[in-house]
Each structure stands twice: as C-alpha cells, then as structure tokens.
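If you scroll down you'll find the structure; I have some questions about it.
The values are calculated or read from the model by the stated rules, or taken from the named source; none is laboratory data. Note that the structure is a prediction, hence the values are computed from the model and not measured. Glycine also receives a Cβ, built like all others from the backbone with ideal geometry; neighbour counts cover every protein chain displayed. Each accessible area value is taken on the protein alone, full model and side chains, heavy atoms only, with ligands, DNA and RNA left out. Shrake-Rupley method; radii C 1.70, N 1.55, O 1.52, S 1.80 Å.
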Amino acid sequence: QVQLVESGGGLVQPGGSLRLSCAASGSMFSISTMGWFRQAPGKQRELVASITSGGSTKYADSVKGRFIVSRDDAKNTVDLQMNSLKPEDTAVYYCKQRSLYGIGLHDYWGQGTQVTVSS
C-alpha cells in the first residue's frame, strides 16, 4: 500500500521560485523511480522530471536548467525545486511512484498541488 502527498504549491510571480515536496508511505520507495508530472487546463498530463533509485535524473526540455529534482530515501521524500518560474509553468503538479513487484509495474499517484505563476 502506497500513499503519496504533495505539498508546497501556491501563487508566485514570474521569475520567482517554489519548492514542491512529495512524502511517500510504504517500504518500496528506495527502489522505485519517482516522477513529477503536471497538467494545465485543456492539456495532457506531461512528465516534468524523474529520478531513479540510483539518482539518475531526466527533465522535460521546457524546464531544463530551471528545475531540479532530488530524493531523500531516509525520509521517503522527493522534491522539485522550481526556479525562474514562467506563467506557462502554471498547472497542477503530481507526484508519481513507479515500483516493480509481483506481476509487474505498479504506479501510484498523489492528489496534486496547484502551482500558479502570475503577476
């Protein structure tokens, strides 16, 4: 059983920064790939950043150089540091855990946190 809870969303001005955090329950976190996704109104959900159990990271081109994803296996948390925010970053941000066990891959999603970038 896995539960994910996001926090840290809010309203910021263009050029500002925000740090999102995702807290996970369960014992599978340390061997799971974690990802941050976002969904803006009228758009598909897209991958923003991911980090494997070994610490390898991947970023969407639109956020590369501005966002940093990190994890703390001792605390079962994954963070997303967002810098130089733009209005187009406005979306609901979701945390996802992907774990391999039993029959195959299992994905778990948080409920999301709203990020609004506006002047």
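Leaving out ligands and nucleic acids, and using a 1.4 Å probe, what accessible area per residue does region 42-119 come to in Å²?
56
What part of the accessible area of the chain, given as a whole %, is carbon or sulfur when the probe is 1.4 angstrom? Present the calculation step by step, with values, prior to reporting the outcome.
Values: 3190 of 6450 Å².
The value for the chain is 49 percent carbon and sulfur by accessible area.
Out of all DSSP beta bridges with both ends in the chain, state the antiparallel percent to the nearest 5.
Values: 40 of 43 bridges.
Bridges in the chain that DSSP calls antiparallel: roughly 95 percent.
Note the full-extension length gain between ASP72 and HIS106 as 0.36 nm times their separation in residues minus their Cα-Cα distance, in nm to one decimal.
Details: separation 34, 0.36 × 34 = 12.24 nm, distance 2.08 nm.
Between ASP72 and HIS106, full extension yields an extra 10.2 nm.
Considering only DSSP states other than H, G, I, E and B, which trypsin sites (Lys or Arg not before Pro) in region 21-119 qualify as loop sites with at most 16 other Cβ atoms within 10 Å?
Values: sites: ARG38, LYS43, ARG45, LYS58, LYS64, ARG66, ARG71, LYS75, LYS96, ARG98; in loops: LYS43, ARG45, LYS64, ARG66, LYS75.
Sparse-neighbourhood loop trypsin sites (Lys or Arg not before Pro): LYS43, ARG45, LYS64, ARG66, LYS75.
Further question: Considering Cα pairs under 8 angstrom that are at least six residues apart, work out the relative contact order of the chain and quote it in whole percent. Write down the numbers at each step before the final one.
On the way: 285 pairs, mean separation 42.6, N = 119.
Relative CO of the chain lands at 36 percent.
While we're on this one: Using the charge dipole of the chain (Lys, Arg: +1 at Cβ; Asp, Glu: -1 at Cβ; taken about the Cα centre), state which of SER32, PRO87, TRP109 has its Cα farthest towards the positive end.
PRO87
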